[in-house]
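The values are calculated or read from the model by the stated rules, or taken from the named source; none is laboratory data. Just so we're clear, the structure is a prediction, and the values are computed from it rather than from any experiment. Glycine also receives a Cβ, built like all others from the backbone with ideal geometry; neighbour counts cover every protein chain displayed. Accessible surface areas use protein heavy atoms only, side chains included; no ligands, DNA or RNA. Shrake-Rupley method; radii C 1.70, N 1.55, O 1.52, S 1.80 Å.
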Amino acid sequence: MANASQTSAHSEAPAISSGFITKVAIAVVAIALLSVAISIAGQMFGDRMLLAGHTDSTETFSIRIGQDTLSLEANTLRFAGQRHSGSAERADLYFLWPEMTGYQRGERRRFDDVSLADTLIFVQLSQSTMSRDMSGRVEPIYSYLFDGPAEPGPHGLTLHRLRNDAGYANEVMYTAPRFGQSDYAVRCLIAAPDSPPSSGDCQRDIHVGRDLTVLYRFSSRRLADWERIDAAIRQHFEARLGGGAEKSSDSQ
């Protein structure tokens with residue numbers, strides 16, 4: 001009788017124990033949680049890879065350079081280490097041209113594709129170290145470095161070749177008169193034969209605010225826009241000056 005009852009009890013026992021079911025359920029939940037974590041981490045890592053140092057945040061930082069304080073959007077600042085408020089020796093920025101806006105994911109090719117780099121303008125802000133901007137330095141400095149007579153240039157500009165022995169190898173200066181202002185002036189590198197212009201082969205600096213130098217670079221492919229670019233750069237940073245900074249003229 002004992003053997004019969006033992007056999008009956010054994011036949012009525014479940015094929016899978018409740019303890020085993022509990023362990024399986026815990027494992028399934030753990031796997032599900034792990035999958036979710038991997039998915040979230042992958043998405044975050046993918047976003048970082050996609051941004052590649054850029055940010056599309058429009059958070060505004062108050063940055064003081066020398067005697068001037070500016071409100072600058074995060075997506076216009078090129079380097080992550082400069083995206084914070086406070087004092088700084090310089091700030092490096094970039095803008096889409098002609099939009100004059102910072103990084104946007106929908107326009108990421110224009111920031112990452114070298115063939116489209118001529119649609120970018122690069123800017124460096126720093127405290128002025130010279131009393132005159134590039135326009136103001138033409139007569140007292142650059143005119144002594146011109147090599148040969150002036151030549152007609154593109155888009156209403158006049159071309160002045162610069163002396164190689166003065167440290168300006170393969171560089172020229174373009175100038176143009178402007179009503180009520182000192183002459184426009186920009187230095188550009190001459191591209192080698194069969195080489196396309198670079199994204200920043202022309203550079204110019206202006207004074208803005210109390211003591212701020214705005215040095216900007218753009219592609220010589222955009223020389224047709226020289227007057228519009230200069231006005232847009234000045235307007236952009238004058239509009240972001242804080243503390244009632246006085247606006248400097250181009251003739252300083």
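Numerical summary
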{"item": "Heavy atoms of ARG221: accessible area, 1.4 Å probe, square angstrom to 10", "result": "120"}
{"item": "Relative packing of peptides 58-70, 208-220 - highest average C-beta neighbours within 10 Å first", "result": "208-220, 58-70"}
{"item": "Rough spin-label spacing in nm, given labels placed 7 Å along Cα→Cβ, for ALA239 and ASP183", "result": "3.1"}
{"item": "Accessible area in square angstrom per residue, segment 130-221, 1.4 angstrom probe", "result": "50"}
{"item": "Theoretical gain in end-to-end length, SER195 to ASP147 [0.36 nm per residue, Cα-Cα removed]", "result": "14.9 nm"}
